[in-house]
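What follows draws every value from the coordinates through simple rules; no lab data is involved. Please read all numbers here as calculations on a predicted model, not as lab measurements. FYI the Cβ positions are ideal-geometry reconstructions off the backbone, even for glycines, and counts take in every protein chain you see.
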Amino acid sequence: MSRQTDTRVRVPDYPTRAFSRTKPLGLGQRARQHRSFVLGALLTALLIAAALLSFVWTPGSAYEMDMDAALQASSSRHWLGTDAFGRDLASQILVGARASIAVGLIAVSIGLALGVLLGLIAAARRGWVEEIIMRLADFTFAFPALLSAIMLTAVYGPGMVNAIIAIGIFNIPTFARITRASANAVWSRDYVMAARACGQSRTAITLRHVLPNIASVLVVQATIQFALAILAEAALSYLGLGTQPPEPSWGRMLSEAQTLMFQAPLLAVWPGVAIALSVLGLNLLGDGLRDLLDPRLTRER
Amino acid sequence: MALLEVSNLTINLQTHRGRAQAVRDVSFTLERGATLGLIGESGCGKSLTALALLGLLPEHAQVDGSIQLDGQELLGLSERRLCALRGNRMAMVFQEPMSALNPVHGIGRQVAEPLRLHLGMSRAQARARATELLERVGIAQAAQRLDDYPHQFSGGQRQRIMIAMALACGPDLLVADEPTTALDVTVQQRILDLLQELVAEHSMALVLISHDLGVIAQNVEQLLVMYGGTVVESGMTEAVFARRAHPYTRGLFAARPQLQAAPAAGHLPTIAGAVPELVDLPAGCPFAGRCPHTRDDCYVQPPPARTLHQPSMPAPASLAFWRQPHVARCLYEQVLTQGAKA
């Protein structure tokens, strides 16, 4: 058997990209090459997909109790087994994603809307306005989300809405601070001076120059706050201050599994994995976005 | 009435070391279509004077005196009224074209901004006008490049874009703060020529700030030499350049690098000492101590303004700037007259 010899010139396998590339890669291409961003985006997509899927289909029922099927191990019928009341664990985890996303989305929106507004006002007005806003932010910061949630619960009773409000309030000073800090940096730029020399008002400069230039910082912070909100929701539900039964929530699944730690340890593992993966995914997404949107902040790898 | 009348402008800055008088008692007038140069070392107050004209000083600055544009007092004007004037009646070109354009917006939009703001143009009108303006300042194929971002232009091009932006609404007064300092020497002259053309075209008044004697010599009719926040010498550019009455002006000229006459010692002459911190300025002459003619009185007594030459020929109103007297500040008249002999 005669082997055909390959006469083509072999191209050495060392990276030549840096030299051959004529045009800088677009955002989409760079995103695909960023491994942690891709992983983060996948995990986040998985979280959202789980929540969406739970509206139309779940493998079993997340609500229906079946005492005969209590504490079963995984099987073809109950993929992740059942809890002490015989509810399907996989279904509960899918439905529980809804609570996490709802809390994250609304709480981050509250924080983003009010915090960014306050931060922008502080940076644009300076002087005593800035002092008052930032001292109020410090004051709010002194109360962790858990503490404000407990206070709200004490006054209005436990529930998901109160948990969302508490986490949202906690997000306001975070966004206010980061907005003010980045906005102040933009305000000292030459192009803001040039815009002022062209007669633009503070409001116009804030909207046209400051906001677009800090948008990437805010997007990154929002994903990180989203992850923190999921954690906070889980913590509040674990303490019985968040999502109320029979609505499934990862935090509450953890607290219910706690008493059965030695009989059925997997009951705690699955919601724990769900929380960990969601938070990890959002954090990786945030880090990746930061690298992609603002390459100057990239850490050396 | 002169277009711009600045009288006894004084700017105090609050610094962590105490109050600093950054600009002291600066006065000048500028006619429509006239050009004025401000020259001096860094920290002499020339940029602050320029910012004061447009009301762009930092908030902690205290301003006294008077700045009148066409008879309207600008100091103490509300931010709202100032915004209506900036970019419309008066405009400014900055030193750093690399950072004076917003990196996230296309240049067309940035040039169109003042047009929409002050002249109420529609988006399409402003865009069309921005194209014309960019073409006028020499951006090739302006129509195709309207949506390009600042980083796609060179420094010289960006400065041209900044000029287009400043001139968009046809201001009466243009303040150019070191417009060519950040540019290559080859580009500098072209930018200055462009400024000259546009100033003549629109009969604008130009305040040109520079530390470069060459730039000043070729581009302005009238000159203020600033040191330590005060105007130490002022007059028509030819007069000041010819006579160099104030010791500081003489020092500046001596420190110029010259090709034809290399200094014997092989070193460029310098002005001894360093610019004093504004907080530590002596009560008397700010140049006291560095001046070769310093006497004890110089530290205490503020130097009076001495008119060295008063043009006797009454000039027609359109050439009113020719009437500018030559003035220098020094305690001792003989020091100023020495310069004339030298």
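Using the Kirkwood radius over Cα pairs, work out the Stokes-Einstein diffusion coefficient for the stretch B:1-157 at 20 °C and 1.002 mPa s, in µm²/s as a whole number.
Details: Rh = 17.8 Å.
So the translational diffusion coefficient is about 120 µm²/s.
By the helix-only formula, in which each DSSP H run with n ≥ 4 contributes -39500 (n - 2.57) and the sum is divided by residues, the protein assembly as shown has a 222 nm mean residue ellipticity of -15500 deg cm²/dmol. Exposed loop sites, defined as chymotrypsin sites (Phe, Trp or Tyr not before Pro) outside DSSP H, G, I, E and B with at most 16 other Cβ atoms within 10 Å, are absent from the longest region of chain A, namely A:86-261. What FRET efficiency comes out for the pair A:Ala45/A:Ala70, r = Cβ-Cβ distance, R0 = 30 Å, nearest 0.05? So the FRET efficiency works out to roughly 0.35.
Normalising the average separation of contacting C-alpha pairs (under 8 angstrom, six or more residues apart) by the number of residues puts the relative contact order of chain B at 19 percent. Cα axis of helix B:107-119 to longest principal axis of chain B: angle in degrees, 0 to 90, nearest 10? With both axes taken from Cα atoms, the answer is about 80 degrees. Remark: relative contact order (chain A) = 23 percent; criterion is Cα-Cα distance under 8 angstrom and separation of 6 or more residues. One decimal place: the segment A:Leu117-A:Leu136 gains 5.4 nm when fully extended, by the rule 0.36 nm per residue minus the C-alpha distance. Taken along the Cα-to-beta-carbon direction at a fixed 7 Å, the label points for B:Arg80 and B:Asn8 span 3.1 nm. Using a simple spin-label model with pseudo-atoms 7 Å out from Cα toward Cβ, B:Asp297 and B:Asp70 lie 4.7 nm apart.
Set the Förster radius R0 to 22 Å, insert the Cβ-Cβ distance between A:Leu52 and A:Val219 as r into 1/(1 + (r/R0)^6), and round the FRET efficiency to 0.05.
Values: r = 22 Å, r/R0 = 1.00.
Efficiency, rounded to the nearest 0.05: 0.50.
What the Cα convex hull of the stretch A:155-290 gives, in volume per residue, is 119 Å³. Note: chain B, Cα convex hull, 154 Å³ per residue.
Tell me which DSSP H helices of chain A clear both cut-offs, 18 Å or more of axial length from alpha-carbon atoms and a mean Kyte-Doolittle hydropathy of at least -1.0. Before the final figure, lay out each step's value.
Working: long enough: A:35-56 (32 Å, 2.13); A:89-125 (53 Å, 1.86); A:127-141 (21 Å, 0.62); A:160-187 (39 Å, 1.04); A:211-238 (39 Å, 1.48); A:266-293 (39 Å, 1.45).
The answer, listed by residue number, is A:35-56, A:89-125, A:127-141, A:160-187, A:211-238, A:266-293.
A Cα-only calculation for the stretch B:121-268 places Rg and Dmax at 18.7, 64 Å. Along the Cα-to-Cβ line of A:Asp294, 7 Å from the Cα, sits a label point; which residues in the stretch A:219-234 have backbone N less than 15 Å from it? Inside the label zone: A:219-225. Kirkwood hydrodynamic radius of the protein assembly as shown, from the reciprocal of the average inverse Cα-Cα distance over all distinct pairs: 29.9 Å. Summarising the strand pairing of the protein assembly as shown, around 60 percent of its internal DSSP beta bridges are antiparallel. Near B:Gly229: Cβ cut-off under 11 Å, other residues only, Lys/Arg at +1 and Asp/Glu at -1. The net charge is +1. Label zone (B:Tyr149, point 7 Å along Cα-to-C-beta; backbone nitrogen cut-off 17 Å) within the stretch B:92-129: B:98-111.
Which of the three applies to the stretch B:80-130, rounded, prolate or oblate, going by the alpha-carbon gyration tensor with a ≥ b ≥ c and a/c under 1.5 meaning rounded?
Oblate.
Would you tally the net charge around A:Gln200, using a Cβ to Cβ cut-off of less than 10 Å, leaving A:Gln200 out, and scoring K and R as +1, D and E as -1?
Values: positive: A:Arg196, A:Arg202, A:Arg208, B:Arg86; negative: B:Glu113.
That works out to +3.
What is the mean number of Cβ atoms from other protein chains located within 10 Å of the Cβ atom of each residue in peptide B:45-56, rounded to a whole number?
Working: counts 0, 0, 0, 0, 0, 0, 3, 0, 0, 4, 2, 3.
Mean partner shielding for this stretch: 1.
Label separation (A:Leu27 vs B:Glu59): 3.2 nm, computed from points 7 Å beyond Cα along the C-beta direction.
Which FRET efficiency, nearest 0.05, do A:Gln263 and A:Arg77 yield, Cβ-Cβ r, R0 22 Å?
0.65
If you take the Cα centroid of the stretch B:185-228 and the Cα centroid of the stretch B:113-153, the two points sit 24 Å apart. Neighbouring Cβ atoms from other chains, within 10 Å of the Cβ of residues in B:100-106, number 6 on average. Spatially, the stretch A:53-125 and the stretch B:45-78 are offset by 60 Å when compared through their Cα centroids.
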